[in-house]
Amino acid sequence: MTSLTLIDQFGRNVDYIRLSITDRCDFRCEYCMAEDMTFLPREQVLSLEEFVRLVRIFVGLGVSKVRITGGEPLVRKNAMWLFEEVGKLQGLKELVLTTNGSQLAQHALALKKAGVKRINISIDSLKSERFKKITRTGDLNKVLVGLQASINAGFEGIKINTVLMRGSNDDEAADLVKFAIDQKIDISFIEEMPLGEVNHSRESTFVSNVDTLKLLQSKYSLLPSTESTGGPARYWRVANTDTKIGFISPHSHNFCEACNRVRISCQGELFLCLGQDDKVELMPLLRANPNDDTPIIHAILDSMRIKPKGHDFDLSRAQPAVVRFMSHTGG
C-alpha cells in the first residue's frame, strides 16, 4: 500500500499499536474503572470490520506488532473473527492479547489457531476473596482454569500482569512470582497509573517497582536481562527457572525515551500517549471514506507530529493526570 513508516518528532519509530475493541468488561477492577460503569452504545464503537481495516492500514505503515485489548476483548461479540482476520495480514509479525482470563477456557485454542503468539493475563491476587474484592465481580478459579487452557494450547509466551496496591495485595509479590515459576510462565508488575476517578487515593496505595524489586531480590536470585517484548517492561531472569520478571514503571522509571507505540480506543480515537490527551479521531474518516484509505493514512502520518515526549504522571495531583478510565483507552 505504501512504503511510508511512522516516525515521531523525536525520531522514535512507532511499530506497535494497542487496539481496544470494546470498553466493556465482565470485571470492575478498582484501579481500572468505576463500580457502576456506563458503557458506550454500540453505534459509537467501531465495527469489527473497521478495526480490521485500521490494523491493515497501520501494518501497511510499518507496524509489526498489534496487541488486542479492551475492556475485556473476549466479551466482544464475534471477537474471534477479528483475531482470525488480523492474523492473516502480511507483514504483521506479532499478534498478542491482553485479557482478564475469564473467557480463555473456551477461546484459548481458537486464539492460538488464529495466530495469537503471546497472552498477558491480569491476576492481582491468588486469594479468592481478595481477587473478588479487587475485581469486584471476578472469579479467580475461572481465570486459573483459563490460564491452564492457555498453557495447554502452547502459546509462545504467557505472562501474568499484576498491579500491586499498598494495603490491598502488596504482600503477595513473592507468592505471585513463585506461582509464575511453578507454572513456567512470566510475570510483570505494573505501577498503578493515575487514569480516571477511583474511590481511593493513588498516592496512598502506590507501590513502587523499586521497592518490589528489592523485596524480590531478597528472596530470589535475579539476573538483569536485556530481553524485550517490544513494550516498556524491563526484565530480570529468575536464576535456574524458566521465568522472567518484568517491571513496568511509569512513575519510578520514565520509559518514554524508547516509546514505540500508540493506542486506538474502541471509538477509533488514536491516542499518541497513554498519559496525555493528544488524539486524532479516526472514526469519522473511516466512515466518510469507506473505499479510500488515503485520508486515514495522512491523518496517521500527521499524528506523529503531536506525539508527546512523555506522559508526565504525578500522583500528588488532586485530579488524575487523565480523566478517562484505563478501560476506555485499553489496558
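Bear in mind these aren't lab numbers, they're just calculated from the coordinates by the rules spelled out. Just so you know, these numbers come straight off a predicted model, no measurement behind them. With ideal geometry, Cβ positions are generated from the backbone for all residues, glycine too; neighbour counts draw on all protein chains shown.
Label sites at Leu215 and Glu84, each approximated as a point 7 angstrom past Cα along Cα to Cβ, lie 4.4 nm apart. Note on the chain: antiparallel DSSP beta bridges, both residues inside, total approximately 30 percent of the bridges counted.
3J(HN,Hα) along segment 86-102, derived from phi through the Karplus expression 6.51 cos²θ - 1.76 cosθ + 1.60 where θ = phi - 60°, amounts to 5, x, 8, 5, 6, x, 7, 8, 9, 10, 10, 9, 10, 8, 7, x, 5 Hz, with x in place of Gly and Pro. Looking at segment 208-312, the chymotrypsin sites (Phe, Trp or Tyr not before Pro) that sit in a DSSP loop and have at most 16 other Cβ atoms within 10 Å of their own Cβ are Phe255. Run the reach check for Lys117 against lysines, Cα to Cα strictly under 18 Å, same-chain hits fewer than 8 apart removed. What comes back? Cα-Cα hits under 18 Å: Lys65, Lys88, Lys93, Lys159, Lys184, Lys244. For helix 48-60, report the angle its Cα long axis makes with the longest principal axis of the Cα atoms of the chain; keep it between 0 and 90° and round to the nearest 10°. Value to nearest ten degrees: 90. The label-point distance for Thr137 and Lys309, in a model that sets each label 7 Å from Cα toward Cβ, rounds to 4.2 nm.
Ignoring the sites themselves, the chain has its longest run without GluC sites (Glu not before Pro) in a DSSP loop having at most 15 other Cβ atoms within 10 Å at 36-155. Per-residue ellipticity at 222 nm computed for the chain from its helices equals -8500 deg cm²/dmol, with DSSP H segments shorter than 4 residues left out and the rest contributing -39,500 (n - 2.57). Computed over the chain, the P(r) tail beyond 30 angstrom holds 31 percent of alpha carbon pairs. For Asn161, the amide hydrogen comes within under 5 Å of the amide hydrogens of Ile121, Ser122, Ile123, Ser188, counting only partners 5 or more places away or on other chains and with H modelled in the peptide plane.
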